[in-house]
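What follows is a set of notes on a single structure, which appears directly below.
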Amino acid sequence: MAAALRSAARALRLSSGLPGTWRTQIRDTHQRASLLAFWELIPMRAEPLRKKKKVDPKKDQAARDRLKKRIRKLEKASQELIPIEDFITPFKFLDKSRQRPQVELPFEESERRALLLKKWSLYKQQEHDMERDAIWAMLEAQQKALQELKLESPELYAEAIKRDPRLFPFEKEGPHYTPPVSDYQPPEGRYNDITKVYTQVEFKK
């Protein structure tokens with residue numbers, strides 16, 4: 001094909017009778033070019049075709065299978081669990097030699113504490129009984145009032161037994177182990193953040 005184009009180009013140049021045109025075109029190629037010269041330069045400047053490598057389909061399929069198998073293996077691998085350091089007791093605290101010796105109290109002090117604990121238990125039991133009786137009394141009064149309201153006006157009774165949405169969510173604070181200090185100012189200090197950072201590798205399925 002290229003040889004046929006070159007022979008046709010030579011024939012056209014000889015028949016044109018314009019020898020100066022060809023010399024000028026060669027000298028000023030960067031400024032103007034004829035279509036004949038362009039046709040002739042295409043096969044001369046073309047890069048030779050590279051030889052395609054033959055790929056064995058069996059080897060290609062085997063490589064793909066190995067890659068799929070590796071991906072499935074990574075997906076099945078369990079994620080690394082992040083330990084909760086607050087629930088792990090340091091080894092230095094497990095040393096039995098560091099246990100604090102038990103302090104033996106005098107007989108009078110132990111009896112005083114035992115008697116105080118019994119008085120406190122009796123006081124809390126009486127407080128619980130009083131609260132329970134008060135709650136039962138209020139519930140009985142409420143049921144009695146509802147029965148009387150039902151006899152007087154069923155419409156008002158139906159409105160009275162509806163749920164009040166303002167009661168929930170219910171929030172309550174206390175009781176505290178120690179009473180709060182009103183004018184307490186917490187101290188400001190520096191600390192070193194030694195929190196460990198764990199990175200998880202996620203595999204998209």
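The values are calculated or read from the model by the stated rules, or taken from the named source; none is laboratory data. Note that the structure is a prediction, hence the values are computed from the model and not measured. All Cβ positions, glycine included, derive from the backbone under ideal geometry; neighbour counts span all protein chains shown. Just the protein is used for accessible areas: all its heavy atoms, side chains included, with ligands, DNA and RNA removed. Shrake-Rupley method; radii C 1.70, N 1.55, O 1.52, S 1.80 Å.
A few notes on this one:
- When the criteria are applied in full, SER121 meets the requirement of being part of a helix (DSSP H, G or I), of a type in the set (Ser, Thr, Tyr) and without any contact (Cβ under 8 Å) to a residue 24 or more places away in the chain.
- Close pairs (7 angstrom Cβ cut-off, 6 or more residues apart or separate chains): in contact (Cβ under 8 Å) with a residue 60 or more places away in the chain in the stretch 73-95, surrounded by 10 or more Cβ atoms within 10 Å (Cβ to Cβ) anywhere: LEU74/PHE203; GLU75/PHE203
- Just one of the listed residues (GLU108, GLU104, GLU140) is open to solvent by 100 Å² or more (accessible area, probe 1.4 Å) and part of a loop (DSSP other than H, G, I, E, B), namely GLU104.
- Residues of the stretch 96-117 that turn out to be of a type in the set (Ser, Thr, Tyr) and within 50 Å of the chain's Cα centre (by Cα), as a count: 1
- Per-region count, the stretch 181-198, residues more than 30 Å from LEU81 (Cβ to Cβ), modelled with pLDDT of 80 or more and open to solvent by 100 Å² or more (accessible area, probe 1.4 Å): 4
- Qualifying residues in the stretch 75-88 (those that are more than 17 Å from LYS196 (Cβ to Cβ) and at pLDDT 75 or above) - the one surrounded by the fewest Cβ atoms within 10 Å (Cβ to Cβ): LYS76
- Once the stretch 146-167 is narrowed to residues that are among the charged types (D, E, K, R) and in a helix (DSSP H, G or I), the residue that is modelled with the lowest pLDDT is ARG166.
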